[in-house]
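A.B. asks: Provided herewith is a single structure, encoded as structure tokens, for subsequent inquiry.
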Amino acid sequence: MDSHSDSHGSVVLGLGANLEQFSLLVIINAFVGGMVGLERTVVPLIAEREFGLASKSAILSFIVSFGVVKAGSNLLAGRYSDVVGRKSLLVTGWLFGLPVPFMVMWAPTWGWITAANVLLGINQGLCWSTTVIMKIDLVGPKRRGLAMGLNEFAGYGAVGLAALTSAHLAARYGLRPVPFYLGIVFAVLGLILSVGLVRDTTAHARKEARDHRTRERPPFREVFAETSYRNPTLFSVSQAGLINNLNDGMVWGLFPLFFASYGLSVSRIGVLAAIYPMLWGVTQIATGALSDKRGRKWMIVWGMWLQALGIWLTAAAPNFAHALIDNFWLWVAGAVLLGFGTALVYPTLLAAIGDVVHPGWRASAVGVYRLWRDLGYAVGALLSGIVADLFGLLWAVLVVGALTFGSGVIVALRMKETVGGMDD
């Protein structure tokens, strides 16, 4: 397998020693984020305006299919990246992503868009998981928070830019097909770079594993149990990841419809849809690095609570606006709180996984964590869709905010600090 080596042929860990490959993976992850960012403003509006869907549960079905499949793909990526290699899974993910923009552009029925999101879920699960695992492999134990901050900065910065760009294109040229031309560019470039320039990093993980005390790799069922519920710290991380993406699924699917119900234009909805992931993406560079110095636990706790506050402010804005301030600016404030809160949480959760688990089974543990985290998309879409259909959009938003706050309480009570070594 290819890997970065020093002059004696041995694998070298560290960001500086592997900067070229690390930077390449950052760029590739930006294309991965761009693929999903194209949908964040436009697809919920397509459901309502082009296919006439009134049920919020039906509209959010594309996020349910995306979340379930992405979660399963994360698990497979973590489980088999040690077996078939990281690069093979990365390339496979891009092959699944290639048809997605064409299917959305020319979908004759809503079922086609749901099917496209099955493929998108595989693309996101395999590509994003492998870029995460490869970056953790390359940097070694000392700068994981910074590495995850850079990774998520690229991915979610691209989500925000793609959401903003697609909204402007939709406002000018219509909801389809023009906004999705960008998806073709993202998928082709991602595939070309992955095939031609990426080198596998499995040897780096083996190098780090040799540097730790010897420990047999546990059976996968043990890894699953340890990551999901047995270890209090890993349980705290996994549930926080699930709730984080539960609220993101609601934001993705319902916020455009919520804003549109108050007469907001497509371009202004696009601005709101972009602020949250762009701020989330940009500030993760700082928050990831900060967690290496200040610790993971309380950044996660406060991040979840800030998210809850941003969600509640968004729901409450129409009651406070009136003559004092326009709804739009209160919604901007809500998006800022939501974005900054997520930036505190997202890279820190991944770095905590890297802190706690042994390098020999780290990829599998990351896969299990990302299974739970991205099942949050499906759970959030189902829950918020049902609540919205029964009680209205406002109640769906309020309930998700409450769950987010409760998740922060769980982390405060159960998680141990992880910086400074593995939590045995």
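The values are calculated or read from the model by the stated rules, or taken from the named source; none is laboratory data. Source: prediction; values computed, not measured. Neighbour counts are summed over all protein chains in view; Cβ atoms, including those assigned to glycine, are modelled from backbone coordinates with ideal geometry.
A.B. asks: Please go through the stretch 61-72 and give me each residue that is surrounded by 18 or more Cβ atoms within 10 Å (Cβ to Cβ) and either of a type in the set (Val, Ile, Thr) or out of contact with any Ser or Thr (no Cβ under 7 Å at 6 or more places or on another chain) (or both), ordered by number. Write out each step before concluding.
C.D. replies: Start the filter on the stretch 61-72 by keeping residues that are surrounded by 18 or more Cβ atoms within 10 Å (Cβ to Cβ), which leaves 61-71.
Ile63, Val64, Phe66, Gly67, Val68, Val69, Lys70, Ala71, listed by residue number.
A.B. asks: Right, another one. Looking at (1) within 23 Å of Ala203 (Cα to Cα); (2) outside any loop (DSSP other than H, G, I, E, B); (3) in contact with a Gly (Cβ under 9 Å, 6 or more places away or on another chain), which one does Pro101 not meet, given that it meets all the others?
C.D. replies: (1)
A.B. asks: Report, by residue number, each residue of the stretch 165-203 that is under 16 Å from Ile46 (Cα atoms) and either among the hydrophobic types (A, V, I, L, M, F, W, C) or not in a helix (DSSP H, G or I) (or both).
C.D. replies: Scanning the stretch 165-203 gives Ala167, Leu169, Ala170, Ala171, Gly174, Leu175, Arg176, Pro177, Val178, Phe180.
A.B. asks: In addition: If you take the residues of the stretch 379-424 that are modelled with pLDDT under 95 and hydroxyl-bearing (Ser, Thr, Tyr), which of them is nearest to the chain's Cα centre (by Cα)?
C.D. replies: Here the answer is Ser384.
A.B. asks: So, one more: Looking at the stretch 236-258, can you tell me whether even one residue there is more than 19 Å from the chain's Cα centre (by Cα), in contact (Cβ under 8 Å) with a residue 40 or more places away in the chain and not in a helix (DSSP H, G or I)?
C.D. replies: No: the stretch 236-258 contains no residue that is more than 19 Å from the chain's Cα centre (by Cα), in contact (Cβ under 8 Å) with a residue 40 or more places away in the chain and not in a helix (DSSP H, G or I).
A.B. asks: Here is a further query. Quick one: Ser3 ticks every box in (1) of a type in the set (Ser, Thr, Tyr); (2) modelled with pLDDT of 85 or more; (3) assigned to a loop (DSSP other than H, G, I, E, B) except a single one, so which number is it?
C.D. replies: (2)
A.B. asks: Right, next: If I ask for residues that are surrounded by fewer than 24 Cβ atoms within 10 Å (Cβ to Cβ), out of contact with any Gly (no Cβ under 9 Å at 6 or more places or on another chain) and either among the small types (Gly, Ala, Ser) or assigned to a loop (DSSP other than H, G, I, E, B) (or both), which ones from the stretch 113-144 would you list?
C.D. replies: Correct list: Ala115 only.
A.B. asks: Looking at the stretch 306-326, is at least one residue of a type outside the set (Gly, Ala, Ser), out of contact with any Gly (no Cβ under 6 Å at 6 or more places or on another chain) and under 30 Å from Gly174 (Cβ atoms)?
C.D. replies: Initially, the stretch 306-326 is screened for residues of a type outside the set (Gly, Ala, Ser), giving 306-307, 309, 311-314, 318-320, 322, 324-326.
Within this subset, residues satisfying the condition of being out of contact with any Gly (no Cβ under 6 Å at 6 or more places or on another chain) are 309, 318-320, 322, 324-326.
Then drop every residue that is not under 30 Å from Gly174 (Cβ atoms), which leaves 318, 326.
Looking for residues that are of a type outside the set (Gly, Ala, Ser), out of contact with any Gly (no Cβ under 6 Å at 6 or more places or on another chain) and under 30 Å from Gly174 (Cβ atoms), one finds at least one in the stretch 306-326, hence yes.
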